[in-house]
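Reviewing the structure listed below.
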Amino acid sequence: MFDTLQDIVRIAMVGKYTGLSDSYLSVLKALLHASVYCHRKLVVDWVASTDLEDSTKIEAPDAYKAAWNLLKSADGILVPGGFGDRGVQGKILAAKYARENNVPYLGICLGMQMAVVEFARHVMNLPHANSTEFDPNAKTPCVIFMPEGSKTHMGGTMRLGSRRTFFKVADCKSAKLYGNADYVDERHRHRYEVNPDMVPEFENAGLKFVGKDESDRRMEIIEIPNHQYFIGAQFHPEFKSRPAKPSPLFVGLIAASSGQLDKVLQGCSNGHVIPGKHQFSNGPYTPAAHQNTNGHAKKLANGVANGTYYPNGNGVHA
């Protein structure tokens, strides 16, 4: 079916392992499942998060310009998970661009955490907001170490496996995408989480925590209600995506990026659970103006690949 699709949706994948696409294979497959469900031909534009940063603007201006051109040409932006501090500022900048320009955004694990940091810095005017993963002495620790096991012994510190998320806002986009379910079970793999003591401040400023665990202390899903699609998940929804059962949050991203979200949400509200039989539009929809569409990845000055990949049913090919 994928080979018969013609209407393109472009998703900018902003990460630090873009030179090795297999690092994000499960995310790519989830995007592909969702794009087929939405009757769109998926094009993934790889954006090395380090290339969005000011240091690259000085050291490798061509790489910086190319990365920003790809980001601004995308119909939607996805920031996946990861560990370590390299490229996190670029992920924050990607979240900022999506938020300020009403571009559909999905942040997964670290991608959610960096969206929270970005919101704290630029909406709540907290310039020292950070994750203690990257700054243990952060003046404004909005993401903190919340181990699943012991805080003093090695091992057992990662929150792993299937955990339950309860929806706290019935009419939020993510709850609708999950068929108005009261809760969902999704897989986790992380150590750091949103600081629960700061949640009231965030919500007063407009960032809503629409999904939480049973204790109300672990923040699982964020949304910005007045944005067309700005969602972050602490869990990894890509791990449960299948060709015949695409991940609802990925479907939401693709639908929003191709002008179909209202129709999808309406179908979910009418009792259809993804996957369901929705009548998707083949137009008219005008995607963002694209400047890099030759389909070839470019090895840029810093040695990291930025470029465009066209996934098909057998994998990802340059």
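The values are calculated or read from the model by the stated rules, or taken from the named source; none is laboratory data. Being a predicted model, the structure only gives us computed values, none of them experimental. In this analysis, Cβ positions are derived from the backbone assuming ideal geometry, glycine residues included, and neighbour counts consider all displayed protein chains. Calculation scope for accessible area: heavy atoms of the full protein, side chains included, ligands and nucleic acids excluded. Shrake-Rupley method; radii C 1.70, N 1.55, O 1.52, S 1.80 Å.
Things worth noting here:
- Linear extension gain, SER215 paired with ASP62, 0.36 nm per residue minus alpha-carbon span: 50.3 nm
- Figure legend: label point modelled 7 angstrom from the Cα of SER26 along Cα→Cβ; residues of region 234-255 with amide N under 11 Å from it are 235-241.
- Karplus (6.51, -1.76, 1.60) ³J(HN,Hα), θ = phi - 60°, over region 167-172, in Hz, Gly and Pro reported as x: 6, 9, 10, 5, 9, 6
- Proximal charge balance of LEU265 [Cβ under 13 Å; K/R count +1, D/E count -1]: 0
- Under 5 Å, built H, 5+ apart or other chain: amide partners of LYS41: GLN6, ASP7, ILE8, VAL9
- Computed FRET value (nearest 0.05) for ALA181 with LYS139, which takes r as the C-beta separation and R₀ as 51 Å: 0.85
- Rounded to the nearest whole Hz, the Karplus-based 3J(HN,Hα) values (6.51 cos²θ - 1.76 cosθ + 1.60, θ = phi - 60°) of region 102-113 follow the sequence 6, 8, x, 9, 10, x, 10, 6, 4, x, 6, 4, with x at glycine and proline.
- Calculated from backbone phi, Karplus (6.51, -1.76, 1.60) coupling profile of region 93-100 in Hz, x at Gly/Pro: 5, 5, 5, 5, 4, 5, 5, 6
- Cα pair distances exceeding 30 angstrom across region 8-270, given as percent: 22 percent
- Each DSSP beta bridge with both residues in region 8-270 is either parallel or antiparallel, and the antiparallel ones are about 50%.
- Potential lengthening between ARG86 and VAL169 on full extension [0.36 nm per residue; Cα-Cα distance subtracted]: 26.5 nm
- Distance from region 210-228 to region 67-131 (C-alpha centre basis), Å: 17 Å
- Residues whose placed amide H lies under 5 Å from that of TYR192, excluding near-sequence neighbours: MET146
- Counting only protein heavy atoms and a 1.4 Å probe, region 8-270 has 38 square angstrom of accessible area per residue.
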